[in-house]
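Undergrad: Can you keep this structure in mind? I'll have questions shortly.
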Amino acid sequence: MEVCGSSNVSLREFGCEQSLLSRPDGSASFIQGDTSVLAGVYGPAEVKVSKEIYDRATLEVLIQPKVGLPSVRERSQEQCVRETCEASLLLSLHPRSSLTLILQVLHDDGSLLSCALNAACMALMDAGLPMSCLFCGVTCAIDTDGQIITDPTAAQEKESRALMTFAIDSTERRVLMSSTKGSFTVHELQQCIAVSQKASEKIFQFYRDSVRRRYSKTLE
Amino acid sequence: MKDTPLANCERDFLLKAIEEKKRLDGRQTYDYRKIKITFGTDYGCCFVDLGRTRVMAQVSCELVAPKENRPNEGIMFFNIELSPMASPAFEQGRQSELSVKLNRQLERCLRNSKCIDTESLCVVSGEKVWQIRVDVHMLNHDGNLMDAASIAAITALCHFRRPDVAIQGDEVTVFSPEERDPIPLSIYHMPISVSFSFFQQGTYLLVDPCEREERVMDGLLMIAMNKHREICSIQSSGGIMLLKDQVMRCSKIASVKVSEITELIGKALENDKKARKAGGRCGFAESIPQERITALKMEESPVEMMDVTERANDIVQKAEAPPQTVPSPVVPVPGVGQVGQGLQNTWGLEDDDEEEEEEEENGNRGEEQEGKASKMEKYEKEESRGGDVVEISDSEEEEVVILHPETSDKAPVNTGSRSSSHQKGAAKSKKK
Amino acid sequence: MAGLELLSDQGYRLDGRKATELRKVQARMGVFAQADGSAYLEQGNTKALAVVYGPHEMRGSRSRTLHDRAVINCQYSMATFSTAERKRRPHGDRKSTEMSLHLKQTFEAAVMTQLYPRSQIDIYVKILQSDGGNYSVCVNAATLAVIDAGIPMRDYVCACTVGFVDETPLADLCYAEESGGVSSLALALLPRGGQIALLQMDARLHQDHLETLIEAAMTACKGVSKVLDEVVRQHLQEVSVLTGE
């Protein structure tokens, strides 16, 4: 159960592009290795009377898979993303409005949920929606030897004994959401959380760098 | 979400500009916007940018039984998804008129024109054929979705490779991409649709309308052709009245445009083939423009794991220890009532595996009560066991393995011994 | 289909017609008493029934009311017994929805909707027997029904399906010809002005043949319009005789 060395614990290559779509208020595409997700945000906009909440904005998340129609799996992923976003967005600033977040899976090569969370956060930033903290997603897999692998590829995910995704917030590195699959001990869980918190620092630094780059011309 | 309605002054402005042969983005009447085609990592995935309209197509295949009246032919299935991302007017799950229209047009353009040899998709006649599924997702709606969708669909079909199949007598083997190289589909020709929009009752005509122009247009004429100047499909929509010479003129313009676009597609496919052969990484990741300030890339980076183990151990030890004596939670198996039996004693008295096994094998309420009585006796004997789940049920399952929650406040040594004693207990129950 | 000659050497088709000959058209107007307008039309073996209600107040979603025109609502459906194999889903599938949209588009162009702002006109068409040329027969039947309802139109809307075999255009295709992989073109025309209300074509056709095909379609439509005109005049005569004028 011990983690030996740092050979498997690395994050794949990241890439991100913001404001790539003209219609949505905010859009971003996030790439982790070969996994890529495109996120679009509309809001705050008009909301249907049946869905309106008197003191908060109504957040709706839609995940579109690449092939086929959305199924139960997408619904559960949507739930995870929505709860994370609701925890970090300042929804009470836009009562009786709707925020719609649409995520399109462009390619799935493992760590899909964390890629979706990262894309969602960047899109919300791009849309200029007020948030109390940023969040990022990190996936850890525990393979059959007990080694912890962060940001696993699809092949690594298949071989793993347990797969966990955590959404970590930027201010205090706490866990906003966790979604796990497979069996593992409490010890392993805590180790994975610690690893994710470490990994999230890299991701938040990446967020900072990309935003700084984005506004470099305006800040000059 | 509703789309912002078009203001009357904007409408008048657009119509007036069109009368003066001016377009919003400065194009000429017969000019297309810039078309950019990129491919994804796996075969059959293609992104098309028509100006700011963005569309993604994905082709996938699967072995299914063929249709009854066509046992020798494969099946082609097209699906255009108007993703809510593309426009606030699109709603998830609702089959709007536009969605039906686009789907039918794409089907007619690609399926009825027989651009793909469906007979080559047959594996075992009458039993197994390939079903090729094309999913087109609209990512950004800035006008002329039909053309972008048709370009994306046909490019993705040309790019797609299906798994190789070998038939030996009755045995059919499907090879994975690692075993044998996948083979491309046999495509006869590439139909591409060109859209013409009409304004002021057919007086003015524009090619490739953008979204604003689409809102003020009277009607649309879609002509799908291939580069051999064969018309694959014509569809007029929107309630306009056309004259024959208008249609003829449009078909001439369309043939010119189609040959240009086909060349572009050919070039893009060639470039992608070269890139894949050279072994480089190709895919969406590579197509992120590096020079833009809205894009950033970061290389693979290791994560520091120095103090992870210690931290984890810390947290685990500092975690609130679950109480020593856990009352046995009573879990009635669904379908079993508790009437007349009373609930299990929750005073923290432990229970034993083996007694439960007896209960379940009896499968009888009366005997359960007896079993419980003996259980009560045994309580004093057993000590310091973790909380057990008591299942009251009529099930006659022979073998039941009860999982015990781990209590992490004891040192690892104890855990080992406990687990072994648990295992002994489970082994005993299994023997029964 | 090998062995099935759609056009023989002497110029005869499968059912003995010549290349430009239309099928026999029989029509009756005023078939239903309770509808505002109705018509039954047979073109060869294809039989269609069209019923028109309106113009009346907007029903259903009030938000779709147009302030300056009437809304035309069309529904196309096929009877389950209309085809050789029982049709599982008579309406609601993509093809029927597409046909309904096409019908709506055709009649929006022809009916003078500006005379009835904030109203709705319903046109329902049902195919009772399908033997090719479904769309054209629907349009012709619906035209008669609209005239029977007394709703003003710019001109008759006549439609015809033509195919192209061996460099010859065949007018008014039947089912065997349509499914034989022939390039077919469906055209809805307002004959007097030569304006095309709907143009739809599937299957491959070389661009050079397009003009001949459209010409043939327009001629066929003009032929149909003559027949429809006769039917309308005869019906008017019958009705005026009954009302004693």
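Undergrad: Kindly establish whether C:Gly244 is modelled with pLDDT of 90 or more and either surrounded by fewer than 21 Cβ atoms within 10 Å (Cβ to Cβ) or assigned to a loop (DSSP other than H, G, I, E, B) (or both).
TA: Considered against the rule, which asks whether it is modelled with pLDDT of 90 or more and either surrounded by fewer than 21 Cβ atoms within 10 Å (Cβ to Cβ) or assigned to a loop (DSSP other than H, G, I, E, B) (or both), C:Gly244 comes out as no.
Undergrad: Would the range C:102-118 turn up any residue that is open to solvent by less than 10 Å² (accessible area, probe 1.4 Å) and more than 27 Å from C:Val224 (Cα to Cα)?
TA: The answer is no, given that none of the residues of the range C:102-118 is open to solvent by less than 10 Å² (accessible area, probe 1.4 Å) and more than 27 Å from C:Val224 (Cα to Cα).
Undergrad: Out of C:Ser77, C:Ser130, I need the residue that is more than 14 Å from C:Ala50 (Cβ to Cβ) and modelled with pLDDT of 90 or more. Which one?
TA: Within the list C:Ser77, C:Ser130, the selection yields C:Ser130.
Undergrad: Just wondering, is there one or more residues in the range B:170-178 that are touching a Phe, Trp or Tyr at 6+ places or on another chain (Cβ under 9 Å) and surrounded by fewer than 20 Cβ atoms within 10 Å (Cβ to Cβ)?
TA: Yes - at least one qualifying residue is present in the range B:170-178.
Undergrad: Specify the residue that is surrounded by the fewest Cβ atoms within 10 Å (Cβ to Cβ); the eligible residues are those in the range B:201-216 that are in a loop (DSSP other than H, G, I, E, B) and within 34 Å of the chain's Cα centre (by Cα).
TA: Here the answer is B:Cys210.
Undergrad: Sticking with this one: Can B:Ala65 be described as crowded, with 24+ Cβ neighbours inside 10 Å and of a type in the set (A, V, I, L, M)?
TA: no
Undergrad: Can you tell me which of C:Leu185, C:Leu210, C:Leu199 is surrounded by 14 or more Cβ atoms within 10 Å (Cβ to Cβ), within 12 Å of chain B (Cβ to nearest Cβ) and not in a strand (DSSP E or B)?
TA: C:Leu210
Undergrad: Restricting to the range A:179-201, what's the tally of residues that are within 14 Å of chain B (Cβ to nearest Cβ) and not in a helix (DSSP H, G or I)?
TA: Here the count works out to 3.
Undergrad: Name the pairs: first residue in the range A:81-110 and at negative phi and within 14 Å of chain B (Cβ to nearest Cβ), second residue in a loop (DSSP other than H, G, I, E, B) and of a type in the set (Ser, Thr, Tyr), Cβ to Cβ under 6 Å, at least 6 apart or on different chains?
TA: Correct list of pairs: A:His107/B:Thr41; A:Asp109/A:Thr153.
Undergrad: Please pick out the residue among C:Arg89, C:Arg17 that is assigned to a loop (DSSP other than H, G, I, E, B) and open to solvent by less than 50 Å² (accessible area, probe 1.4 Å).
TA: The conditions single out C:Arg17.
Undergrad: Going by the conditions given, is A:Ala154 of a type in the set (A, V, I, L, M) and open to solvent by less than 30 Å² (accessible area, probe 1.4 Å)?
TA: Against the criterion (of a type in the set (A, V, I, L, M) and open to solvent by less than 30 Å² (accessible area, probe 1.4 Å)), A:Ala154 does not qualify.
Undergrad: Another question, then. Among B:Leu157, B:Leu98, which is open to solvent by 20 Å² or more (accessible area, probe 1.4 Å), out of contact with any helix residue (DSSP H, G or I) (no Cβ under 7 Å at 6 or more places or on another chain), more than 14 Å from chain A (Cβ to nearest Cβ) and part of a helix (DSSP H, G or I)?
TA: B:Leu98
Undergrad: For residues in the range A:19-32 being surrounded by fewer than 24 Cβ atoms within 10 Å (Cβ to Cβ) and in contact (Cβ under 8 Å) with a residue 60 or more places away in the chain, which is nearest to the other protein chains (Cβ to nearest Cβ)?
TA: A:Ser19
Undergrad: Assuming A:Tyr54 fulfils every condition listed in (1) within 9 Å of chain B (Cβ to nearest Cβ); (2) open to solvent by 10 Å² or more (accessible area, probe 1.4 Å) apart from one, which condition is it?
TA: Here A:Tyr54 meets the rest and fails (1).
Undergrad: Can you pull out the residues in the range B:226-238 that are in contact with a Pro (Cβ under 8 Å, 6 or more places away or on another chain) and either open to solvent by 20 Å² or more (accessible area, probe 1.4 Å) or within 7 Å of chain C (Cβ to nearest Cβ) (or both)?
TA: B:Cys232, B:Ser233 - these are the residues of the range B:226-238 that are in contact with a Pro (Cβ under 8 Å, 6 or more places away or on another chain) and either open to solvent by 20 Å² or more (accessible area, probe 1.4 Å) or within 7 Å of chain C (Cβ to nearest Cβ) (or both).
Undergrad: Shifting gears a bit: Within the range A:57-80, can you find the residues that are in a helix (DSSP H, G or I) and within 14 Å of chain B (Cβ to nearest Cβ)?
TA: Hits for the range A:57-80 are A:Glu74, A:Arg75, A:Glu78.
Undergrad: How many residues does the range B:55-89 contain that are under 18 Å from A:Lys66 (Cβ atoms), in a loop (DSSP other than H, G, I, E, B) and more than 9 Å from chain A (Cβ to nearest Cβ)?
TA: 1
Undergrad: Now a separate question. Hey, among B:Ser113, B:Ser120, B:Ser83, B:Ser60, which residue is out of contact with any strand residue (DSSP E or B) (no Cβ under 6 Å at 6 or more places or on another chain) and either surrounded by 20 or more Cβ atoms within 10 Å (Cβ to Cβ) or touching a residue at least 12 places away in the same chain (Cβ under 8 Å) (or both)?
TA: After ruling out the rest, the residue left standing is B:Ser120.
Undergrad: Quick one: count up the residues across the range B:32-49 that are within 20 Å of A:Gln64 (Cβ to Cβ), open to solvent by less than 30 Å² (accessible area, probe 1.4 Å) and not charged (D, E, K, R).
TA: The number of residues fulfilling the criteria is 7.
Undergrad: Okay, moving on. Quickly run through the range B:239-254 and pick out the residues that are at the interface with chain C (Cβ under 7 Å from one of its Cβ atoms), touching a residue at least 24 places away in the same chain (Cβ under 8 Å) and open to solvent by 20 Å² or more (accessible area, probe 1.4 Å).
TA: Within the range B:239-254, B:Met241, B:Leu243 meet the criteria.
Undergrad: What single numbered condition from (1) within 14 Å of chain A (Cβ to nearest Cβ); (2) over 30 Å from A:Ala45 (Cα atoms); (3) free of Cβ contacts under 8 Å to residues at least 12 places away in the same chain; (4) among the polar types (S, T, N, Q) fails to hold for B:Gln92?
TA: Just one mismatch for B:Gln92, condition (2).
Undergrad: Yes or no: the range C:96-107 includes at least one residue that is assigned to a loop (DSSP other than H, G, I, E, B), touching a helix residue (DSSP H, G or I) at 6+ places or on another chain (Cβ under 9 Å) and modelled with pLDDT under 90.
TA: Scanning the range C:96-107 turns up no residue that is assigned to a loop (DSSP other than H, G, I, E, B), touching a helix residue (DSSP H, G or I) at 6+ places or on another chain (Cβ under 9 Å) and modelled with pLDDT under 90.
The values are calculated or read from the model by the stated rules, or taken from the named source; none is laboratory data. Because the structure is predicted, anything quoted here is derived from the model rather than measured. No Cβ is skipped: glycine too gets one built from the backbone with ideal geometry, and neighbour counts run over all protein chains shown. Heads up: the accessible areas ignore ligands, DNA and RNA and are worked out on the full protein's heavy atoms, side chains in. Shrake-Rupley method; radii C 1.70, N 1.55, O 1.52, S 1.80 Å.
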